[in-house]
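Contents: one structure, followed by commentary.
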Amino acid sequence: NAGVMQNPRHLVRRRGQEARLRCSPMKGHSHVYWYRQLPEEGLKFMVYLQKENIIDESGMPKERFSAEFPKEGPSILRIQQVVRGDSAAYFCASSPLLSTSGTAEQYFGPGTRLTVT
Amino acid sequence: GQNIDQPTEMTATEGAIVQINCTYQTSGFNGLFWYQQHAGEAPTFLSYNVLDGLEEKGRFSSFLSRSKGYSYLLLKELQMKDSASYLCAVRDRYGGATNKLIFGTGTLLAVQP
């Protein structure tokens, strides 16, 4: 049973380019979460998605960042016109359907390390 | 506001016991998690508390006091491989969906021979 998969594992972009990060959730999981970890900082929640729906994007920067989780295929975190401050590790987590209390375990992928030069 | 505090670094000796504390103030609460993260790797789940008290899982135990906004992770019989960051995270509430995790900055534990 494969875990959460992310690719690429490492991504280098020049300032102004676009970065696309992909996340394939665990089999049977329909909820995806994106977190960002800046150097020397903790994981920060960015966005929570279900298939074809954004549930909570309260942690997403207002500009340049977008996320989707289409009916078919992986979830994509897209960063347009990257700047040096976007350099970080981006982790994806997935969970199964939420329980009646609205909770479920999250399993993390290995992360994508984005470096902006 | 949302605030989770834990010590930045700790050092302990192989074979010993170490306790990593976490205090939190969050607008909502639906459980507290501890994750282990080795450098350059994904966080891996260690424990979960939603009710007050102690949860034991092999060499790892976690305690929660909701009234005090306090948790600790206890690691026994320390091994060198336990050297890692330990992340405290609170599950927040958002409307009808209660699965957003708020993380502390992590405690970097160094286990020495």
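The values are calculated or read from the model by the stated rules, or taken from the named source; none is laboratory data. Fair warning: this is a prediction, and the values are worked out from it, not measured in the lab. Positions of Cβ are backbone-derived with ideal geometry, glycine not excepted, and every protein chain shown enters the neighbour counts. Side chains are part of the model used for accessible areas, which takes the heavy atoms of the whole protein and leaves out ligands, DNA and RNA. Shrake-Rupley method; radii C 1.70, N 1.55, O 1.52, S 1.80 Å.
Miscellaneous remarks
- Residues within the stretch B:4-19 that are away from chain A (no Cβ under 14 Å) and within 15 Å of B:Leu64 (Cα to Cα), tallied: 1
- The test for being over 15 Å from A:Gly85 (Cβ atoms), among the aliphatic types (A, V, I, L, M) and open to solvent by 70 Å² or more (accessible area, probe 1.4 Å) holds for A:Val12.
- On inspection, B:Ser62 fails the criterion of being in contact with a Lys or Arg (Cβ under 7 Å, 6 or more places away or on another chain), more than 16 Å from B:Gln79 (Cβ to Cβ), open to solvent by less than 40 Å² (accessible area, probe 1.4 Å) and not basic (Lys, Arg).
- Whenever a residue of the stretch B:68-85 is open to solvent by 60 Å² or more (accessible area, probe 1.4 Å), its partners that are part of a loop (DSSP other than H, G, I, E, B), lying with C-beta atoms within less than 7 angstrom and at least six residues away or across chains, give the pairs B:Lys76/B:Ile17; B:Lys76/B:Arg59; B:Glu77/B:Gly15; B:Glu77/B:Arg59; B:Gln79/B:Glu14; B:Met80/B:Glu14.
- Search result, residues across the stretch A:60-86 that are farther than 14 Å from A:Pro25 by Cβ, open to solvent by less than 30 Å² (accessible area, probe 1.4 Å) and not hydrophobic (A, V, I, L, M, F, W, C): A:Asp86
- Scanning the stretch B:40-54 for residues that are more than 11 Å from chain A (Cβ to nearest Cβ) and either in contact with a helix residue (DSSP H, G or I) (Cβ under 7 Å, 6 or more places away or on another chain) or farther than 14 Å from B:Leu73 by Cα (or both) yields a count of 1.
- Criterion: crowded, with 19+ Cβ neighbours inside 10 Å and under 26 Å from A:Ser58 (Cβ atoms) - qualifying residue of B:Ile20, B:Ile102: B:Ile102
- Residue within the stretch B:44-52 that is touching a Phe, Trp or Tyr at 6+ places or on another chain (Cβ under 9 Å) and closer than 19 Å to A:Arg36 by Cα present: yes
- Residue within the stretch A:36-51 that is at pLDDT 95 or above and open to solvent by 20 Å² or more (accessible area, probe 1.4 Å) present: yes
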